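Some notes on the structure that comes next.
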Amino acid sequence: LLERFATDRGEAAELAFAALVERHGPMVRRVCRGILADPHDADDATQAVFLVLARKARGLWVKDSLGPWLHQVAVR
């Protein structure tokens, strides 16, 4: 999915990104809510994690799963 998002254009890329958010979004949200007291701030931080992914996707190299990388971004 990451490769498809990073290399495709249009609807294929959008569907790949949506699938990544669906797959990893709940974990990222849990991490953010565990760190931030305000749930609205946690939701904003969750969105920010996926914005970082969107910006860095083309240069990102992930061996097995994107989950640990997203977890580290959420913690930071």
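Hey, could you check region 12-44 for residues that are open to solvent by 30 Å² or more (accessible area, probe 1.4 Å) and touching a residue at least 12 places away in the same chain (Cβ under 8 Å) and say which is farthest from the chain's Cα centre (by Cα)?
For region 12-44, the residue satisfying everything is 35.
Taking region 45-70 as the range and being in contact with a helix residue (DSSP H, G or I) (Cβ under 8 Å, 6 or more places away or on another chain) and open to solvent by 70 Å² or more (accessible area, probe 1.4 Å) as the test, only 58 passes.
The values are calculated or read from the model by the stated rules, or taken from the named source; none is laboratory data. Values in this document were obtained by computation on a predicted structure and should not be read as measured data. No Cβ is skipped: glycine too gets one built from the backbone with ideal geometry, and neighbour counts run over all protein chains shown. Just so you know, the surface numbers come from the protein's heavy atoms only, side chains and all, with ligands and any DNA or RNA stripped out. Shrake-Rupley method; radii C 1.70, N 1.55, O 1.52, S 1.80 Å.
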